[in-house]
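J.: The following block contains the structure, expressed as structure tokens.
Derivation of every value follows stated rules applied to the coordinates shown; laboratory data play no part. For clarity, every value in this text was computed on a predicted model and none was experimentally measured. No Cβ is skipped: glycine too gets one built from the backbone with ideal geometry, and neighbour counts run over all protein chains shown.
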Amino acid sequence: MESDKPLDRKQSDKRNHRFLSDQSPVDALSSTLGRRWPAIMQAVDFSRLKKQELTDILTNENQSDTSIVVFGSLARDEFTNGSDLDWTLLVDGQVDTDHLQLVRKIRRILDQHGYAIPGPTGIFGNTAFSHPIVHEIGGADDTNKNTTQRILLLLESCAIGKPAAHNRVLETILERYIVDDSGLRHSHQEGFRVPRFLLNDIVRYWRTVTVDFVYKQVERNDGWALRNAKLRMSRKLLFASGILVCFGVNEAERAIRDCMVGQEGNHGPLLKYLKSKLAMTPLEILAQVMLQRKVRPEVSSKLFESYDQFLSLLGQEDIRKRMKKLTPQMASKDSTYAQFQKLGQEFHENIVSLLYYQDKRLRKLAEWYGVF
């Protein structure tokens, strides 16, 4: 039986720390702020249910050199009614005609279970081979598709069933970003140490997404308003989480940063650190930073409340259908579109506040690395 004697301040802080450490960062932030985000929590539960369902129906559809990988809202634990299932068969091995047959079989199984077909870009619902993803970072052969597959593997991917190929590819990609970053490995600059090669590729991905949005608007109007809402919310969240992971290296244990100095430096600790952070969902990364930085409660609350409302709207079938039909010409007078615009503006303002106005060190990192 616990004693009725009041805890002193140190005991209370220790107990609270232990309680919060047992929760996900989002749950911990919710407890700290005394706020609930029902749409976020519902999406987490729904996502986990869908992942288990996919594991059950696809359990025998992996080979030793492949992983079935999901992306998008399902990988971010933000799956709602009407969400598309973005997936690929990731191949980490020799080309085999069986891979094509396996992709066709996976498509049939998913169709039989009522999963929506991925978008028409061709990035999802197909095979993706590890070699170009890992070895063509930059240069003429690093296409938009290749860059997208690589960055999404890092920032929002989850293996269904056998994870071995997925894990190998993720680790090898991160090794490329670390080992090829001579500035990170050899710099003796005091103060900041950030994996700029990785950060620049994440920034490049974000800029590519924003430019491609306009290209798709010209090519096809269908789904324009929904893509716009996602760009301002879920795509921006993904970008922000990637930036924060890179900035977090600077705040990691000094041993992790210092091990990179010199040609024979050991990059193992840094690799392990990045893998552990990127295993979290974007919302978890955001929540953890807010807890660690002691961000003002109103900023944390508004940011997560706007995202909660965004997921709540996406989960309503009539709203999702309406947004898919809106054209740019129709949107300016549409009340539903106006709701998404308002949420996007609130989310943007609080992301900016997080990066520039809540913590002096984070602001310096954003100023030093965010643009140039």
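J.: Looking at the stretch 50-173, I'd like the Rg to Rh ratio, where Rg is from alpha-carbon atoms and Rh is Kirkwood's inverse mean 1/r.
T.: The Rg/Rh ratio comes out at 0.94.
J.: Computed FRET efficiency, Cβ-Cβ of Gln339 and Asp45, R0 25 Å: what is it to the nearest 0.05?
T.: Efficiency for this residue pair is about 0.55.
J.: Determine which residues of the stretch 61-92 fall in the zone a paramagnetic label at Leu231 would reach in this model, i.e. backbone nitrogen under 19 Å from the point 7 Å along Cα→Cβ.
T.: Zone members listed by number: 72-73.
J.: Which of the trypsin sites (Lys or Arg not before Pro) across the stretch 269-372 are loop residues per DSSP, with 15 or fewer other Cβ within 10 Å?
T.: Here the trypsin sites (Lys or Arg not before Pro) that fit, given the DSSP loop and packing criteria, are Lys294, Lys333.
J.: In square nanometres and to one decimal, what's the mean projected area of the convex hull around the Cα atoms of the stretch 28-369?
T.: Average of the hull's projected areas for the stretch 28-369 equals 17.9 nm².
J.: Which of the lysines could a cross-linker bridge to Lys145, judged by Cα under 21 Å and excluding same-chain residues fewer than eight apart?
T.: Leaving aside lysines fewer than 8 places away in the same chain, those within reach of Lys145 are Lys216, Lys230, Lys236.
J.: Separate question: Taking the chain as a Gaussian network, where each spring joins two C-alpha atoms under 10 Å apart, which residue of Asp180, Asp308, Asp98 fluctuates the most?
T.: Most flexible of the set in this elastic network: Asp98.
J.: Now for a separate question. If I model a spin label as a point 7 Å beyond the Cα along the Cα-Cβ vector, how far apart are those points for Ser276 and Glu171 in nm?
T.: About 1.6 nm separates the two model spin labels.
J.: Once you mark the GluC sites (Glu not before Pro) that are in a DSSP loop and have at most 12 other Cβ atoms within 10 Å, what is the longest gap between them in the chain?
T.: Looking at the chain, 3-189 is the longest stretch - no exposed GluC sites (Glu not before Pro) with at most 12 other Cβ atoms within 10 Å.
J.: Given a Förster radius of 25 Å and the C-beta distance between Ala116 and Asn60 as r, what FRET efficiency does 1/(1 + (r/R0)^6) yield to the nearest 0.05?
T.: Once rounded, the FRET efficiency stands at 0.60.
J.: Starting from the Cα of Arg104, step 7 Å along the direction of its Cβ; do the same at Arg35; then give the gap between the two resulting points in nm.
T.: 5.1
J.: With r defined as the distance between the Cβ atoms of Thr97 and His131 and R0 fixed at 30 Å, what FRET efficiency is calculated, to the nearest 0.05?
T.: After rounding to 0.05, the efficiency reads 0.95.
J.: Kindly list the residues of the stretch 349-365 that lie in the label zone of Val214, defined by a backbone N under 13 Å from the point 7 Å along the Cα-to-C-beta vector.
T.: What the label zone holds, given the 13 Å backbone N cut-off, is no residue at all.
J.: What fraction of the DSSP beta bridges in the chain is antiparallel, stated in percent and rounded to the nearest 5?
T.: Close to 65 percent.
J.: Now for a separate question. Read phi for every residue in the stretch 360-372 and hand back ³J(HN,Hα) as whole Hz from Karplus 6.51 cos²θ - 1.76 cosθ + 1.60, θ = phi - 60°, with x for Gly and Pro.
T.: Whole-Hz 3J(HN,Hα) from phi for the stretch 360-372: 4, 5, 5, 5, 5, 5, 5, 5, 6, 10, x, 10, 9.
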